[in-house]
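> After the structure tokens below, expect a handful of questions from me.
Where a number appears in this text, it was derived from the coordinates with a stated rule and is not lab data. Predicted model only: the values in this text are computed from it and were never measured. All Cβ positions, glycine included, derive from the backbone under ideal geometry; neighbour counts span all protein chains shown.
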Amino acid sequence: MKYLALMALIFLGLNASAMSDKAPKSHDHQEETVDENAKTFGGHITTRTHVTLADAMNRHEQLKGEPIAITGQVEKVCQSSGCWMVIKDGDKQVRTMFKDYGFTVPKNILGKKVRLQGIMDKKEVSASTIRHLMKDEGKSKEEIDKVKAPQMQFEFTADAVEII
């Protein structure tokens, strides 16, 4: 019986160790070196499904989980580390996060036109996450403190960004 208990503990320990390697990277705002002259970040755009931002928002349920490409203008960039940006196309805009925090973009690309590849989703964003993102944007403490409740928001998780 002791042998079985010992084997179970060893198995659980090895399994937990293996799982920790697969955990997503944390978002800790460490300063990363970004090539300011690069035109692509993350990977290359390979999907053939190109849609407008408005269409992606309107059809997000149909497109759920399907990689798409959208094009827009950079409206905002995380000024802490370039780990997210807001893309605008006409009167629509969407916050773009980077898959598994696997790459960042230069903080000086405001106003640039970009093409993104990734997944569009609509989800509830916690009040603490919204406040964190507002802090990254440089919003005032008074403005940040007004956020008390979660919000439903569109979010685009990009695995490739191309400045065009």
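> Kindly rank 99-108, 56-65 from highest to lowest mean number of other beta carbons found within 10 Å of each residue.
Ranking the peptides 99-108, 56-65 by packing returns 99-108, 56-65.
> While we're on this one: For I119, I144, which order do you get if you count the other beta carbons within 10 Å of each Cβ and list the fewest first?
Ascending Cβ contact count within 10 Å gives the list I144, I119.
> Let me ask another. Pulled fully out, how much extra length does the chain show between I164 and E61, if you take 0.36 nm times their separation in residues and subtract their Cα-Cα distance? Mind showing how you got there, number by number?
On the way: separation 103, 0.36 × 103 = 37.08 nm, distance 2.82 nm.
Extending this stretch completely gives an extra 34.3 nm.
> Where the centre of each part is set by its Cα atoms, how far does the range 41-81 sit from the range 122-147, in angstrom?
One Cα centre to the other: 22 Å.
> Between T49 and K112, 0.36 nm times their residue separation minus their Cα-Cα distance comes to what? It would help to have the intermediate numbers written out before the result.
Numbers: separation 63, 0.36 × 63 = 22.68 nm, distance 2.19 nm.
Difference between extended and current length: 20.5 nm.
> Taking the beta-carbon count within 10 Å as an exposure proxy, list M134, M85 from fewest neighbours to most.
Ranked by crowding around the Cβ, least crowded first: M134, M85.
> Hey, fewest Cβ within 10 Å first, where do I130, I164 land in order?
Fewest to most other Cβ atoms nearby, the residues stand as I164, I130.
> Treating the beta-carbon of each Lys and Arg as +1 and of each Asp and Glu as -1, no other charges, what is the dipole magnitude of the range 67-151 about its Cα centre, to the nearest 20 debye?
100 debye
> Also, I was wondering about something else. Obtain the radius of gyration and the Kirkwood radius of the range 40-163 from its C-alpha atoms and give Rg over Rh.
0.96
> With Cβ to Cβ distances under 10 Å as the rule, what net charge do the other residues near L53 carry (K, R +1; D, E -1)?
Summing Lys/Arg as +1 and Asp/Glu as -1 gives -1.
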